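S.K.: One structure, pasted below without further comment.
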Amino acid sequence: MKKSIYINGLGSISSQKTYDNTHFLNEVIHYNSTILPAVSPNYKDYIVPSKARRMANGVKMGITGAKIALKNANHPTINAIITGSGMGCIIDTEKFVGNIINNDEQYLTPTPFIQSTHNTVGGQIAIDLNCKGYNFTYVQASNSFESALLDASLQLELNEAETILVGGIDELSDHSIKIHKKINHIKGVATASDQLLNSTTKGAIFGEGANFFVLSNKRQDSTYAKLLDTSMHNTLKKENLNEVLIAFLSAHNLTLENLDSVVLGYNGDVEFDSYYNTFTSLLNAHTGILYYKHLIGEYHTASAFALYTASQIIRHQQIPEDIIKRKSLKTKQSIILLYNQYRGEHHSFTLLKSCE
């Protein structure tokens, strides 16, 4: 019999004030920009200042997000740490490459290189928590977080661990922003975040963040939801969405009728949001349609925020008005499906269910 997997705690650092788990998008920040930087908590409350000064923004976000999730889950003993990151600590990567160029490949200090690797965040969290167990980082573009989630699910089902910390982290950097603007992956003009669905231009608004979750095969008082499944597809044609969706749901004896809401990764890119329009055309009228990237921007592990959002909705049975595209006609949110893709690739489906 397949073991149940529970989300027992979560922590989020994003372009909204999500670092306080006592409030869930009660006060939404609206932007008119192409870049949405993370809203940082007071890092002194989570990291020793002398250490924080030497940390890149992504590392600070990751450690803080992890600590918030662990506190939210009542500080369980962690057996493993699994993270996903599309770009890693890109700021230190750029710093190191810049030093190579500026110093004619001489007199280089290795510190920026050491701190630039994708697994830096997972390693720093392990050091901080004194966790000597399994520690792995997935770098699978926009499926990086889902890969980490799948790894954790398999370990819990196979009794390799009882409690696992899973997270997705990506940060903004000046050089990568310039590159993405040049190739039209970032919109060329400022866009009002609350009007993103009406966008008729190419590219997305970009953001950054760190979202962490405490997964366990044991339910507790802090449990948010049950994680049923995660599925990934590197490529997927629009005409095959229906077939894949039906197969994914039927594996859990579910149909489209059972979905109370879906959380979709609309990012305002006129070229690729059509995938979500095709997806929604398959749904029944009573299923709610929610979206979130207008609040936090697009980045490789932005889908982790979708999991954070869906978990909050299932636990508190409240849906913030700012994320509703079509209101659910269901009185209770028991089953929520997440669907994300980036520029027509790296499609992922994640299914959550209430514990009742």
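S.K.: Rounding to the nearest 20 debye, state how big the charge dipole of segment 101-209 is about its Cα centre with +1 on each Lys and Arg Cβ and -1 on each Asp and Glu Cβ.
M.R.: 560 debye
S.K.: Give me the percent of accessible area attributable to carbon and sulfur for the chain, probe 1.4 angstrom. Working shown, then result.
M.R.: Working: 7640 of 15490 Å².
The nonpolar share, carbon plus sulfur, comes to 49 percent.
S.K.: Quote the Stokes-Einstein diffusion coefficient, in whole µm² s⁻¹, for segment 178-302, based on the Kirkwood radius over alpha carbon pairs, a temperature of 4 °C and a viscosity of 1.567 mPa s.
M.R.: Diffusion coefficient, whole number: 77 µm²/s.
S.K.: Here's something else I'd like to know. Using label points projected 7 Å from each Cα along Cα→Cβ, tell me how many nm separate GLN317 and LYS182, to one decimal.
M.R.: 5.4 nm
S.K.: So what J values fall out for segment 254-262 if you push phi through Karplus, 6.51 cos²θ - 1.76 cosθ + 1.60 with θ = phi - 60°, rounded to Hz, Gly and Pro as x?
M.R.: Running phi through 6.51 cos²θ - 1.76 cosθ + 1.60 with θ = phi - 60° gives 10, 10, 4, 4, 7, 6, 7, 8, 10 Hz.
S.K.: Would you pull out the residues with amide H under 5 Å of TYR342's amide H, same chain only if 5 or more places away, H placed 1.01 Å from N?
M.R.: Answer set, sorted by chain and number: none.
S.K.: Roughly how many nanometres apart are two label points built 7 Å out from the Cα toward the Cβ at VAL48 and GLU94?
M.R.: Here the modelled spin labels are 3.0 nm apart.
S.K.: Need one number: nm distance between label points at LYS17 and LEU154, each 7 Å from Cα along Cα→Cβ, rounded to one decimal.
M.R.: Distance between the two pseudo-spin positions: 4.2 nm.
S.K.: If you don't mind, another one. Take the eigenvalues of the Cα gyration tensor for segment 1-114, scale each by 5, and report the square roots as semi-axes in whole Å, largest first.
M.R.: Semi-axes from the Cα gyration tensor: 31, 20, 15 Å.
S.K.: Taking LYS178 as the anchor, which lysines have their alpha carbon closer than 21 Å to its alpha carbon, excluding any fewer than eight residues away along the same chain?
M.R.: Reachable lysines: LYS95, LYS187, LYS202, LYS293.
S.K.: Follow-up. Give the value in nm², to one decimal: projected area of the alpha carbon convex hull of segment 145-247, averaged over all directions.
M.R.: Mean orientational projected area (segment 145-247, Cα hull): 10.1 nm².
S.K.: Tell me which trypsin sites (Lys or Arg not before Pro) from segment 21-125 have a DSSP coil assignment and no more than 10 other beta carbons within 10 Å of their own.
M.R.: Sparse-neighbourhood loop trypsin sites (Lys or Arg not before Pro): ARG53, ARG54.
S.K.: First check a/c for the chain, with a ≥ b ≥ c the square roots of the eigenvalues of its C-alpha gyration tensor; if it is under 1.5, answer rounded, and if not, answer prolate when a/b is larger than b/c or oblate otherwise.
M.R.: Oblate, since a/c reaches 1.5 and b/c is not below a/b.
S.K.: Check which residues have an amide H placed less than 5 Å from GLN140's amide H, if you skip close sequence neighbours.
M.R.: SER85
S.K.: Just to check I understand the Karplus step: with θ = phi - 60° and J = 6.51 cos²θ - 1.76 cosθ + 1.60, what whole-Hz values come out for segment 202-209, glycine and proline as x?
M.R.: Ordered by residue, 3J(HN,Hα) equals 6, x, 10, 8, 9, x, 8, x Hz.
S.K.: To the nearest Å, what is the center-to-center distance of segment 91-147 and segment 167-181, using C-alpha atoms only?
M.R.: Going from one Cα centre to the other spans 14 Å.
S.K.: Let me ask something else. Bin by bin, in steps of 5 Å, what percent of the Cα pairs in segment 222-356 do you find, going until the bin that has the longest distance?
M.R.: 2, 10, 23, 26, 23, 12, 4, 0, 0
S.K.: Taking 35 Å as R0, compute the FRET efficiency from the Cβ-Cβ separation of THR278 and ILE29 and round it to 0.05.
M.R.: It comes out at approximately 0.70.
S.K.: Rank ILE68, ILE29 by accessible area, highest first, at a 1.4 Å probe radius?
M.R.: ILE29, ILE68
S.K.: Counting other Cβ atoms within 10 Å, which trypsin sites (Lys or Arg not before Pro) in segment 250-356 have at most 12 and lie in a DSSP loop?
M.R.: Answer in residue order: LYS332.
S.K.: Still on this structure: Enter the accessible area per residue of segment 1-155 (Å², integer; probe 1.4 Å; all protein chains in place).
M.R.: 49 Å²
S.K.: Helix-only estimate, please: 222 nm mean residue ellipticity of the chain, summing -39500 (n - 2.57) across DSSP H runs of length 4 or more and dividing by its residues, to the nearest 500. Intermediate results must be reported in sequence, preceding the final value.
M.R.: Values: 11 runs with 105 residues, N = 356.
That calculation yields -8500 deg cm²/dmol at 222 nm.
S.K.: Longer than 22 Å from Cα to Cα, which of LYS132/LYS226; LYS60/LYS226; LYS71/LYS325; LYS330/LYS353 are they? Say none if no pair is.
M.R.: In this structure, LYS132/LYS226; LYS60/LYS226; LYS71/LYS325 lie more than 22 Å apart at Cα.
S.K.: As an exercise, take the mean of 1/r over every pair of distinct alpha carbons in segment 195-241, invert it, and state the Kirkwood radius in angstroms.
M.R.: 15.9 Å
S.K.: On to the next question. Name the residues whose placed amide hydrogens come within less than 5 Å of the amide hydrogen of THR301, ignoring near sequence neighbours (fewer than 5 apart) on the same chain.
M.R.: Correct list: GLY86.
The values are calculated or read from the model by the stated rules, or taken from the named source; none is laboratory data. Owing to the predicted nature of the structure, the values given are computational and were not obtained by experimental measurement. Heads up, the Cβs are rebuilt from the backbone with ideal geometry, glycines too, and the neighbour counts pull from every protein chain shown. Remember, those area values only see protein heavy atoms, side chains included, never the ligands or the DNA or RNA. Shrake-Rupley method; radii C 1.70, N 1.55, O 1.52, S 1.80 Å.
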